Amino acid sequence: MTINTLNAANKPIKIQAVKGMNDLLPDESALQELFEDTVRTVLRSYGYRLIRTPIVEPTGLFIRSLGEITDIVEKEMYSFTDSLNGDALTLRPEATAGTVRSAIEHNWLYNAPQRVWTMGAMFRHERPQKGRYRQFHQVSVEAMGFEGPDIEAEQIILLARLWKNLGLSNISLQINTIGNLSERTEHRHRLIQYFEENLDLINTDEDAKRRLYSNPLRLLDSKNPAMQTLINGAPKLIDCLKSDSLMHFEQFKTLLDQANIAYTINHRLVRGMDYYNRTVFEWVSTALGTELTLAGGGRYDGLFEQLGGKSKPACGFALGIERVMLIWKHSLSARNITHPKGIYMPLAYIVHAGIGTEKLAANVAEQLRDAHLFCVKHAGADSFKTQLKRAHDSGAMYALIIGETELEKNQVIVKILATGQQHSVSLNDMNALLLYLSSNQEVLGKIA
Ligand code: HAM
């Protein structure tokens with residue numbers, strides 16, 4: 001296949017990002033890093049350890065784990081054949097399947113349960129819109145080898161803490177239980193029977209018609225307005241549950257009550273993958289007008305066996321980073337909080353011009369960094385005026401100015417950018433400069 005990168009006039013064609021796949025721009029990244037740091041801190045405080053799995057996995061992994069008759073597997077996967085060896089491969093649409101594959105392959109659950117998490121790009125060929133992209137990023141959190149409802153309650157509490165630390169309120173929690181396989185089989189029979197009694201309507205909906213016998217549960221996900229009344233009257237799974245599953249759910253709810261976490265039970269919450277059983281949950285925000293699911297997850301006790309491993313109970317969730325960022329930015333502006341740029345603001349910006357000054361400037365910069373002081377040294381042969389403008393734009397507290405006179409005297413001019421006050425400091429005693437820069441502004445003002 002030849003791919004044309006030149007236009008008719010032999011000039012390079014302007015190449016743009018793939019639809020639904022976004023760049024993170026430098027002006028956005030301070031807030032993004034703050035978010036990621038907040039997530040990391042919260043996850044660590046609950047004992048979760050980082051793992052990374054490949055972005056590309058064998059296609060069969062997703063068919064086996066998510067289920068053949070699901071939107072993701074049927075319509076949304078970026079799958080391709082490896083041209084070198086003919087392997088069927090897929091860009092991961094989610095991270096749980098790869099994490100379980102990794103746990104089985106490397107046997108990292110051999111002697112104890114594990115709490116792990118990962119963060120990265122996922123790919124789904126969906127119709128792009130606000131909060132829905134073809135490449136998006138998730139924080140995916142998995143607790144493997146844990147049987148009791150305390151672990152899913154803990155994951156909910158963890159998320160509540162994350163929302164609190166981000167200052168987000170009004171995110172509502174929906175929970176449900178979808179029982180075990182035999183309970184779902186019973187429910188499936190009842191559903192098929194119920195929908196068969198309404199075949200006229202089912203036959204008007206292509207997806208519903210196709211899924212009636214292959215995966216009737218998915219009919220409950222239908223967004224088709226004509227189907228909603230029928231769906232509302234459908235047999236409920238909870239009516240098919242036996243005492244073990246009911247008790248698990250009761251205990252889970254009690255733990256949420258004890259932690260003062262508000263929730264609503266949504267019997268129609270079934271989630272989009274087939275690997276779930278028992279507890280499922282979603283956190284939803286309506287801050288932007290429409291309902292946006294920020295995070296979702298649940299138990300997947302059968303997935304290890306389904307992928308050829310030893311049976312292990314497990315539970316997890318993923319949050320959509322772009323979606324949480326959307327809501328967070330909205331919430332920050334509603335609270336009149338401007339985007340924090342702090343982490344990218346150097347303490348000092350080093351301005352230098354004149355023969356031989358580059359070497360001294362570089363040397364001062366490295367000494368500042370040795371002392372853990374954050375500085376940017378101007379790069380390029382620009383005028384003092386341009387360099388000082390860059391110093392202001394960087395948000396630095398000081399400009400350290402080195403010209404030929406300073407080089408000769410082995411000194412630097414320290415300029416407090418906010419006030420314009422400046423004075424010379426000798427470089428013969430570097431500690432004096434470091435102390436000066438790292439003490440607080442008030443003290444500095446007095447010295448200057
Ligand atoms: P999911 O509900 O498919 O679950 O995705 C989790 C979150 O990823 C969603 O709540 C949403 O915030 C975000 N998300 C999903 N699709 C998109 C998209 N196209 N654009 C932007 N954000 C999106 C899972 O992926 C499961 N693996 C979660 C899990 C982990 N269950 C157990 N362990």
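Tabulated values for the structure
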| quantity | calculated |
| --- | --- |
| Pick from region 5-31, criterion among the acidic types (Asp, Glu) and open to solvent by 90 Å² or more (accessible area, probe 1.4 Å), ranking: nearest to residue 343 (Cα to Cα) | 27 |
| Region 339-376 - residue that is in contact with a Leu (Cβ under 8 Å, 6 or more places away or on another chain) and free of Cβ contacts under 8 Å to residues at least 40 places away in the same chain and, of those, nearest to residue 151 (Cα to Cα) | 374 |
| Residue within region 27-43 that is hydroxyl-bearing (Ser, Thr, Tyr) and closer than 30 Å to residue 211 by Cβ present | no |
| Output for region 92-111, where each listed residue is within 16 Å of the ligand (Cβ to nearest atom), more than 30 Å from residue 213 (Cβ to Cβ) and in a loop (DSSP other than H, G, I, E, B) | 95, 109 |
| Residues of region 297-316 classified as open to solvent by 10 Å² or more (accessible area, probe 1.4 Å) and either near the ligand (Cβ under 6 Å from one of its atoms) or of a type in the set (Gly, Ala, Ser) (or both), total | 4 |
| Which numbered condition residue 121 fails, given (1) surrounded by fewer than 20 Cβ atoms within 10 Å (Cβ to Cβ); (2) away from the ligand (no atom under 12 Å from the Cβ); (3) in a strand (DSSP E or B) | (2) |
| Residues being of a type outside the set (Gly, Ala, Ser), more than 12 Å from the chain's Cα centre (by Cα) and more than 6 Å from the ligand (Cβ to nearest atom) - total across region 124-143 | 6 |
| Out of 147, 105, sole residue that is at pLDDT 95 or above and touching a Pro at 6+ places or on another chain (Cβ under 6 Å) | 147 |
| Selection within region 222-243 - surrounded by fewer than 18 Cβ atoms within 10 Å (Cβ to Cβ) and farther than 16 Å from residue 179 by Cα | 222, 223, 224, 225, 226, 228, 229, 231, 232, 233 |
| Residue check, residue 212 modelled with pLDDT under 95, among the aliphatic types (A, V, I, L, M) and open to solvent by less than 40 Å² (accessible area, probe 1.4 Å) | yes |
| Residue check, residue 45 within 12 Å of the ligand (Cβ to nearest atom) and within 21 Å of residue 152 (Cβ to Cβ) | no |
| Filter result (over 14 Å from residue 362 (Cα atoms) and not hydrophobic (A, V, I, L, M, F, W, C)) within region 374-394 | 382, 383, 385, 386, 387, 389, 390, 392, 393, 394 |
| Residues satisfying the stated conditions in region 266-282, i.e. more than 30 Å from residue 101 (Cβ to Cβ) and modelled with pLDDT of 95 or more | none |
| Lone qualifier among 204, 254 - being surrounded by fewer than 16 Cβ atoms within 10 Å (Cβ to Cβ) and not in a helix (DSSP H, G or I) | 204 |
| Every residue from region 391-418 that is part of a helix (DSSP H, G or I) and surrounded by fewer than 18 Cβ atoms within 10 Å (Cβ to Cβ) | 392, 393, 404, 405, 408, 409 |
| Residue selected from region 32-81 under the condition among the polar types (S, T, N, Q) and in a loop (DSSP other than H, G, I, E, B), by the criterion surrounded by the fewest Cβ atoms within 10 Å (Cβ to Cβ) | 53 |
| Qualifying residue in region 52-62 (condition: within 16 Å of the ligand (Cβ to nearest atom), in contact with a Lys or Arg (Cβ under 8 Å, 6 or more places away or on another chain) and of a type in the set (S, T, N, Q)) | yes |
| All positions within region 200-220 that are closer than 21 Å to residue 271 by Cβ and basic (Lys, Arg) | 210, 211, 218 |
| Scan of region 147-174 for residues that are buried (at least 19 other Cβ atoms within 10 Å of the Cβ) and either without any contact (Cβ under 8 Å) to a residue 40 or more places away in the chain or among the aromatic types (Phe, Trp, Tyr) (or both), ordered by number | 163 |
| Residue check for residue 320: touching a Cys at 6+ places or on another chain (Cβ under 8 Å), within 13 Å of the ligand (Cβ to nearest atom) and small (Gly, Ala, Ser) | no |
| Test for residue 179: is it over 34 Å from the mean Cα position of the chain (by Cα) and over 30 Å from residue 38 (Cα atoms) | no |
| Selection within region 279-296 - of a type outside the set (Phe, Trp, Tyr), within 12 Å of the ligand (Cβ to nearest atom) and open to solvent by less than 60 Å² (accessible area, probe 1.4 Å) | 279, 280, 282, 284, 285, 292, 293, 294, 295, 296 |
| Flag for residue 89 being over 26 Å from residue 304 (Cα atoms) and either touching a Ser or Thr at 6+ places or on another chain (Cβ under 7 Å) or part of a strand (DSSP E or B) (or both) | no |
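The values are calculated or read from the model by the stated rules, or taken from the named source; none is laboratory data. On a predicted model such as this, the values are computed, not experimentally measured, just so you know. Backbone-built Cβ (ideal geometry, glycine too); neighbour counts: all protein chains shown. Just the protein is used for accessible areas: all its heavy atoms, side chains included, with ligands, DNA and RNA removed. Shrake-Rupley method; radii C 1.70, N 1.55, O 1.52, S 1.80 Å.
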